[in-house]
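S.K.: Got a structure here, written out as structure tokens. Questions coming.
Laboratory data are not the source of any read-out in this text; all were calculated from the coordinates shown. A quick note: this is a predicted structure, and the numbers were derived from the prediction, not measured. FYI the Cβ positions are ideal-geometry reconstructions off the backbone, even for glycines, and counts take in every protein chain you see.
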Amino acid sequence: MEFTGTIWLPFPQLGISQLYLDEAKLEAVKGWFRPSRIGELAPLPVHDFGSGRYTLTDGHTRAFAAVQAGLTHIPVRYDADELVAGETGRRLYAADIAWCDRFRLKHVGDLSGRILPHSQYQKRWIGRCDRSYQLLTQTSEDERSMMQRKAPGLYLYGANADLTVLYFENAAGDLFAYENGALALEQGVRAGRDRP
């Protein structure tokens, strides 16, 4: 449900739309974050994507720093930006939320074991979002169902720009590429084992 202004919500009531945190960004936020001044910070953006639960659309790192500092509530504002609330944004965030559900990530505190070095964050999160965008904006649901059949038992999550490479993951979060009829584990992106 949409609201105006700023409200304070407890962290367990806030859904997330991100699978990982950037270790370097988290350290930078911890450098300036002061729990006693939380009310002075810009409220974090949230949106209700139809479940009745407010989901963070940005600010996961700041929210995580607040949880680590022992805060229980945070100020939020409703995000009605077209990039979030428009048709494409809603499809992309629905995919993000489904990924979080698949890995049983319900609130920002669940990201504690998913903090990656910057280079791995770029590969595993930013790259994933780019691949998802290509898949969701260039294919229909029926086409994605047909693509999913190429790797039964894995989850289709993305494609390259010309749809010649499809990207899948398993329940553990290992990433696979399907190209020219062959499925292969991607190098350097095994879940939980890709730290340098």
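S.K.: From zero up to wherever the largest Cα-Cα distance of segment 120-185 sits, split into 5 Å bins and tell me the percent of pairs in each.
M.R.: 4, 19, 31, 28, 15, 3, 0
S.K.: Counting other beta carbons within 10 Å of each Cβ, put 118, 47 in order, fewest first.
M.R.: Final ranking by Cβ density, sparse to dense: 118, 47.
S.K.: With charges set only on the Cβ (+1 for Lys and Arg, -1 for Asp and Glu), what does the dipole of segment 6-115 come to about its Cα centre, in debye to the nearest 20?
M.R.: 320 debye
S.K.: So for segment 120-185, averaging the separation of alpha carbon pairs under 8 Å that are six or more residues apart and normalising by length, what relative contact order in percent results?
M.R.: 24 percent
S.K.: Same structure again: Defining a contact as two alpha carbons under 8 Å apart and six or more residues distant in sequence, what relative contact order in percent does segment 6-115 show?
M.R.: 43 percent
S.K.: Just need log10 I(q)/I(0) for the chain at q = 0.09, 0.10, 0.15, 0.16 Å⁻¹, Debye formula, equal scatterers on the alpha-carbon atoms, no solvent, rounded to two decimals.
M.R.: Log-scaled intensity ratios, in q order: -0.36, -0.44, -0.95, -1.06.
S.K.: Something else: Over all alpha-carbon pairs of segment 6-115, lay out the pair-distance distribution in 5 Å bins, whole %, shortest bin first.
M.R.: That works out to 2, 12, 24, 24, 21, 12, 4, 0, in percent per bin.
S.K.: If you take the alpha carbon radius of gyration of segment 68-153 and divide it by 2.2 N^0.38 Å, what ratio comes out, to two decimals? Please report the intermediate quantities before stating the final value.
M.R.: On the way: Rg = 15.8 Å, N = 86, 2.2 N^0.38 = 12.0 Å.
So segment 68-153 has a normalised radius of gyration of 1.32.
S.K.: In deg cm²/dmol, rounded to 500, what helix-only [θ] at 222 nm does the chain give when every DSSP H run of at least 4 residues adds -39500 (n - 2.57) and the total is split over its residues? Mind showing how you got there, number by number?
M.R.: Values: 7 runs with 63 residues, N = 196.
Theoretical 222 nm ellipticity from helices: -9000 deg cm²/dmol.
S.K.: Taking other Cβ within 10 Å of each residue's Cβ, how do 3, 103, 168 sort, fewest first?
M.R.: Numbers: 3 12, 103 15, 168 21.
Taking fewest neighbouring Cβ atoms as first place, the list is 3, 103, 168.
S.K.: Follow-up question, since we're still on this one. GNM, the chain, Cα, under 10 Å: largest mean-square fluctuation among 83, 166, 154?
M.R.: Looking only at 83, 166, 154, the biggest GNM fluctuation is shown by 83.
S.K.: If you don't mind, another one. Could you please rank 129, 100, placing first whichever residue has the fewest other Cβ atoms within 10 Å of its Cβ?
M.R.: 129, 100
S.K.: Another question, if that's okay. Straight-line reach from residue 25: which lysines have Cα under 23 Å away, leaving out those fewer than 8 places along the same chain?
M.R.: The qualifying lysines are 106, 123.
S.K.: Here is a follow-up. Which aspartates and glutamates have a Cα less than 14 Å from the Cα of residue 150, not counting those fewer than 8 places away in the same chain?
M.R.: 142, 169, 179
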